Each structure stands twice: as structure tokens, then as C-alpha cells.
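*Asks:* Before I ask anything, let me first share the structure, which is written out below as C-alpha cells.
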Amino acid sequence: MTGWQTLLYKEVLRFWKVGFQTVAAPVLTAILYLLIFGHVLEGRVKVFGTISYTAFLVPGLVMMSVLQNAFANSSSSLIQSKIMGNLVFVLLTPLSHWSWFLAYVGSSVVRGLAVGAGVLIATVFFVHPGIVAPLWIVAFAVLGAAILGSLGVIAGLWAEKFDQMAAFQNFIIVPMTFLSGVFYSIHSLSPFWQTVSHLNPFFYMIDGFRYGFFGVSDVSPWLSLGIVGAALLVVSAVAVYLLRIGYKIRG
């Protein structure tokens, strides 16, 4: 195996060894969201015409799980390695910054997709949203996981303590995820909040992903794809640059 593949294998093995915590627990959390919101709002909220609210909710919960767990994977790995001091063993290797990037972001994509697939499979027992365009589903899931994996690298390099990492996740990642249309269509919002939602890149990830299930969305999937692709380029470029200069990991 080449260097980046070995590091990728190590990172995948890291979260898979505690799969009950890193994969099963997020699936259970998503199911609880589905049961609570579906029970309370089913029949009271109309979205996309004939689509039931519970069916509408499923793609949003799947994508939310993908994004949050992709971020958690790379960020937690880096901050734990920095604090415990074992990051030095990776630094001693002749791996390039690109190898680091591919391994950490690649493992984040694997974890995000694993959790997302688990949520989708589990929700089949409650509602089946249907699949209209599977390629759109795969494209947005992979791109979204890669963006959050790259953000996790940035956060993991920046943070020096666990509370800094928690602040990054609680004040940036979670609000942007929850306010991206996971639980509602933005057309139900006032014009001001619709405009605010359009400034949130997470909205385009979830809206484009949802299009793959229903064939309808709040905005054009091509617009969503363009914005998500541009966001990936920007975030990836920042993450690669920080790895190249050894930001907060090299003296």
C-alpha cells in the first residue's frame, strides 16, 4: 500500500473499531428525530404538493447525518492526536500534505456515507421516500461529505483544546446544518429568511440531495451542484494549504 492509502486505512479502522459509537449512535439519533418530528408535524406541514412530511424529512436527516459525521471524523482524529501526542508518529513519515488530505478527508467521506446509508436503511421501516435520480444522491452525498471532512481538517488543525473544537461544532456546524432546510422547505419561510437560507451553503447540499429522491427541490439542482462544487474547491484549498505549512502541528 502507498502512504496515503495506509493512513486512510488507519483512519477508517480508527472509527470502525468503535462503530457502535461512531456509526450506530448517529443512526439512532436520526431515527429519534424522524419519530418525533414525523409524529408531531405529519399532516400539519405541506411540502412539494403530494409528498408527506415524513417522507420529506428522510433525505434531510440522511444528509444531516452524513455532514455532521464527516466533520466529526477528521476533526476528532486530528485534535485527539495533537492532545495525546501521537501525531508525531505521522509527522515522522515522509507523507506529503496531499497524502494527509486524501487520507483524512477520504476516511471522513467513508464514515459519512456509512452513517447516511445506515439512516436510510433504518428509515425504510417507517417510510419509503422513493428514489428518482440516484446519481444526484451519490454526487451530493460525496461532495457534501468531502466539504465537511475538509472543514474538519481545518478545525482540527486550528483547535488546541477539546472545548475549542466543541465551540466550532456547536456554533458553526450544527446551526448551519439545522438551518439548511432539513426539517422544512424554505418556501415556508418569510422572504427575509429565505434570503438568509440562500446564503447558507449547507442548504444547497441538502436541497440537491433531496432532489435525487423526489425530482423536485427548492432551487435548481444544477445551481446547487455549482455552489457545492465551488465550496469544495475553496474549503479544500484552505485545508491543503494549512497542511502544507504545517499549521499548528510543526514547530
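The values are calculated or read from the model by the stated rules, or taken from the named source; none is laboratory data. These figures come from a predicted structure and were not determined experimentally. Don't worry about glycine lacking a Cβ; one is built from the backbone with ideal geometry, like all the others, and counts go over all protein chains shown.
*Asks:* Looking at (1) on the phi > 0 side of the Ramachandran plot; (2) touching a strand residue (DSSP E or B) at 6+ places or on another chain (Cβ under 9 Å), which one does Phe56 not meet, given that it meets all the others?
*Replies:* (1)
*Asks:* Out of everything in region 56-97 that is assigned to a loop (DSSP other than H, G, I, E, B) and touching a Phe, Trp or Tyr at 6+ places or on another chain (Cβ under 9 Å), what residue ends up being nearest to Ile245 (Cα to Cα)? Can you show your working first?
*Replies:* Kept after step one, since they are assigned to a loop (DSSP other than H, G, I, E, B), are these residues of region 56-97: 85-87, 92-96.
Now drop any that are not touching a Phe, Trp or Tyr at 6+ places or on another chain (Cβ under 9 Å), which leaves 95-96.
Working: Leu95: 13, Ser96: 11 Å.
The extreme case among them is Ser96.
*Asks:* Of the numbered conditions (1) touching a residue at least 12 places away in the same chain (Cβ under 8 Å); (2) over 14 Å from the mean Cα position of the chain (by Cα), Val228 satisfies every one except a single condition; which is it?
*Replies:* Checking Val228 against (1) touching a residue at least 12 places away in the same chain (Cβ under 8 Å); (2) over 14 Å from the mean Cα position of the chain (by Cα), the one that fails is (2).
*Asks:* Quick one: Val23 ticks every box in (1) touching a Leu at 6+ places or on another chain (Cβ under 6 Å); (2) closer than 22 Å to Leu148 by Cβ except a single one, so which number is it?
*Replies:* Just one mismatch for Val23, condition (1).
Residues are listed down the side, and each one gets a yes or a no for (1) buried (at least 17 other Cβ atoms within 10 Å of the Cβ); (2) under 30 Å from Val90 (Cβ atoms); (3) in contact (Cβ under 8 Å) with a residue 24 or more places away in the chain:
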| position | (1), (2), (3) |
| --- | --- |
| Glu160 | no, yes, yes |
| Arg210 | yes, no, yes |
| Val234 | no, yes, no |
| Tyr241 | no, yes, no |
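*Asks:* How many residues does region 196-229 hold that are more than 20 Å from Leu179 (Cβ to Cβ) and small (Gly, Ala, Ser)? So that I can check it myself, show each step before the final result.
*Replies:* In the first step, residues of region 196-229 are kept if they are more than 20 Å from Leu179 (Cβ to Cβ); the result is 212-216, 220-222, 225-226, 229.
Next cut, small (Gly, Ala, Ser) only: 212, 215, 220, 226, 229.
Of the residues in region 196-229, 5 are more than 20 Å from Leu179 (Cβ to Cβ) and small (Gly, Ala, Ser).
*Asks:* Test Phe125 against the stated conditions and say whether it is surrounded by fewer than 18 Cβ atoms within 10 Å (Cβ to Cβ), free of Cβ contacts under 8 Å to residues at least 24 places away in the same chain, over 16 Å from the mean Cα position of the chain (by Cα) and in a loop (DSSP other than H, G, I, E, B).
*Replies:* Values: surrounded by fewer than 18 Cβ atoms within 10 Å (Cβ to Cβ): yes; free of Cβ contacts under 8 Å to residues at least 24 places away in the same chain: yes; over 16 Å from the mean Cα position of the chain (by Cα): yes; in a loop (DSSP other than H, G, I, E, B): yes.
So Phe125 passes the test.
*Asks:* Do we find a residue being part of a helix (DSSP H, G or I), at pLDDT below 95, farther than 30 Å from Val90 by Cβ and over 20 Å from the mean Cα position of the chain (by Cα) anywhere in region 11-33?
*Replies:* The answer is no, given that none of the residues of region 11-33 is part of a helix (DSSP H, G or I), at pLDDT below 95, farther than 30 Å from Val90 by Cβ and over 20 Å from the mean Cα position of the chain (by Cα).
*Asks:* A follow-up question, please. Kindly indicate which of Ser217, Ser197, Ser224, Ser150 is buried (at least 19 other Cβ atoms within 10 Å of the Cβ), assigned to a helix (DSSP H, G or I) and at pLDDT below 90.
*Replies:* Values: Ser217 fails: assigned to a helix (DSSP H, G or I); Ser224 fails: at pLDDT below 90; Ser150 fails: at pLDDT below 90.
Selected residue: Ser197, the only one of Ser217, Ser197, Ser224, Ser150 that is buried (at least 19 other Cβ atoms within 10 Å of the Cβ), assigned to a helix (DSSP H, G or I) and at pLDDT below 90.
*Asks:* Tell me which of these Phe183 doesn't satisfy, since it passes every other one: (1) assigned to a helix (DSSP H, G or I); (2) of a type outside the set (Val, Ile, Thr); (3) more than 25 Å from Tyr241 (Cα to Cα).
*Replies:* All conditions pass for Phe183, except number (1).
*Asks:* Pairs please, first residue from region 89-102 and farther than 13 Å from Ile249 by Cβ, second anywhere and part of a loop (DSSP other than H, G, I, E, B), Cβ atoms under 9 Å, 6+ apart in sequence or on different chains.
*Replies:* Ser99/Thr2; Ser99/Thr93
*Asks:* From the list Leu91, Leu120, Leu151, Leu102, exactly one residue is hydrophobic (A, V, I, L, M, F, W, C) and in contact with a Gly (Cβ under 9 Å, 6 or more places away or on another chain). Which is it? Full working, then the answer.
*Replies:* On the way: Leu120 fails: in contact with a Gly (Cβ under 9 Å, 6 or more places away or on another chain); Leu151 fails: in contact with a Gly (Cβ under 9 Å, 6 or more places away or on another chain); Leu102 fails: in contact with a Gly (Cβ under 9 Å, 6 or more places away or on another chain).
One residue alone meets the criteria, Leu91.
*Asks:* Have a look at Phe192, Phe171 and point out the one that is without any contact (Cβ under 8 Å) to a residue 12 or more places away in the chain and over 16 Å from the mean Cα position of the chain (by Cα). Explain how you work it out, then say what you get.
*Replies:* Working: Phe171 fails: over 16 Å from the mean Cα position of the chain (by Cα).
Within the list Phe192, Phe171, the selection yields Phe192.
*Asks:* Considering only region 112-135, I want to know if a residue exists there that is over 30 Å from Gly215 (Cα atoms) and not basic (Lys, Arg). Quick ask: steps written out before the conclusion?
*Replies:* To start, the set of residues in region 112-135 that are over 30 Å from Gly215 (Cα atoms) comprises none.
No.
*Asks:* How many of the residues in region 132-147 are in contact with a Gly (Cβ under 7 Å, 6 or more places away or on another chain) and either surrounded by 14 or more Cβ atoms within 10 Å (Cβ to Cβ) or not in a helix (DSSP H, G or I) (or both)? Talk me through it step by step, then tell me what you get.
*Replies:* First, pick out the residues of region 132-147 that are in contact with a Gly (Cβ under 7 Å, 6 or more places away or on another chain): 132-134, 136-137, 140-141, 143, 145.
Okay, now just the ones that are also either surrounded by 14 or more Cβ atoms within 10 Å (Cβ to Cβ) or not in a helix (DSSP H, G or I) (or both), so 132-133, 136-137, 140-141, 143, 145.
So the count comes out to 8.
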